[in-house]
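Only one structure is covered here, and it is reproduced in the block below.
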């Protein structure tokens, strides 16, 4: 994987290392035309303190991403078992990149990236998600702000909280935890978030830009973005490939379909009214399952060697677990991994990437907002 090694004359050089068993065996070469080797968890991303403060880190990070820092896609270890796309490890490594860029933002602009998270009500799952996001912010050097509002808060009161964060110069991203209570117009609240701070990617401009050829949204929704990032980091080819998205939700299905189209895949969206869904899925080189039905996708739904990204998280009864249940995806993992070329597990696949992409959006947004403020009102 890529390692940032030294900072000289205001230029940050990134190098790749050849396949190794340990860091001590590494041989470093700079070659921007080559992709780095497959994942090696024994090699840790490191950077000197001086380099970590470099104002050019964002450039280095873009280069790191373009070189597919996580590794090169290879054939599975055996002819009958897929390579596991490790979302947890991928997420950990990307968060190291984000921490470096967050430090660079603070060094350059004198202010750390800031994320505001608004929680309404007392849902246990929502509270857990919010705690996870705040902890993740602390881990990478993003300052977190939060408001916890009662279940019976009025829509106008919630709008006022959003507007206050829109005007707060220390906040560069705003996230309203969903779902909201039924008496609140969810779309009105999401539309009220400043476009510059819409790190969830739900603003109409971001959604519309994603759907239009040649347009770039300011932010891309976190889970779809995480799916594409996993494919890129494992160098799974997308251009010219046949992709099937199982599910058409506004949060995952439709955005990920647009992202795949933007990468020149030929995309089919399969939904509850689609005829011959199984046959269509079985033709896919890339299959994204986001239907919300436990283990619906069986081995006979999958083309041999396909890349399978499982977005589903479904609780199923399991008396052996303290909670009384375990989480499974939309894909029957055990049987499909014997046929696919690449597959994400549940848990440990797409899930960890969602918060990581939120952190990435916030850091990139902070850099954009702070640079615009530095340039002045005419910019």
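For the residues 158, 100, 93, the requirement of being in a helix (DSSP H, G or I) and in contact with a strand residue (DSSP E or B) (Cβ under 7 Å, 6 or more places away or on another chain) singles out 158.
Pairs meeting the criteria (first residue in the range 227-243 and in the same structural domain as residue 279 (by TED's automatic domain parsing) and at positive phi, second residue part of a loop (DSSP other than H, G, I, E, B) and at pLDDT 95 or above, beta carbons under 7 Å, at least 6 apart or on different chains) are 240/264. Could you please let me know if residue 151 is assigned to a helix (DSSP H, G or I), surrounded by fewer than 19 Cβ atoms within 10 Å (Cβ to Cβ), out of contact with any strand residue (DSSP E or B) (no Cβ under 6 Å at 6 or more places or on another chain) and not assigned by TED's automatic domain parsing to the domain that holds residue 258? Considered against the rule, which asks whether it is assigned to a helix (DSSP H, G or I), surrounded by fewer than 19 Cβ atoms within 10 Å (Cβ to Cβ), out of contact with any strand residue (DSSP E or B) (no Cβ under 6 Å at 6 or more places or on another chain) and not assigned by TED's automatic domain parsing to the domain that holds residue 258, residue 151 comes out as no.
Here residue 291 qualifies as part of a loop (DSSP other than H, G, I, E, B), within 23 Å of residue 222 (Cα to Cα) and either in contact with a helix residue (DSSP H, G or I) (Cβ under 9 Å, 6 or more places away or on another chain) or at pLDDT below 95 (or both).
Within the range 160-189, restricting attention to residues that are crowded, with 16+ Cβ neighbours inside 10 Å and without any contact (Cβ under 8 Å) to a residue 40 or more places away in the chain, the residue that is nearest to residue 205 (Cα to Cα) is 189.
Where residues in the range 217-259 are more than 24 Å from residue 331 (Cα to Cα) and under 17 Å from the mean Cα position of the chain (by Cα), which of them is surrounded by the fewest Cβ atoms within 10 Å (Cβ to Cβ)? Among residues in the range 217-259 that are more than 24 Å from residue 331 (Cα to Cα) and under 17 Å from the mean Cα position of the chain (by Cα), the one surrounded by the fewest Cβ atoms within 10 Å (Cβ to Cβ) is 218.
Given the criteria free of Cβ contacts under 8 Å to residues at least 12 places away in the same chain and surrounded by 13 or more Cβ atoms within 10 Å (Cβ to Cβ), does residue 274 qualify? Yes; evaluated as a whole, the condition is true for this residue.
The values are calculated or read from the model by the stated rules, or taken from the named source; none is laboratory data. Just so it is clear, the structure is predicted and the values come from calculations on it, not from any experiment. Every residue, glycine as well, gets a Cβ built from its backbone with ideal geometry; the counts of neighbours run over all protein chains shown.
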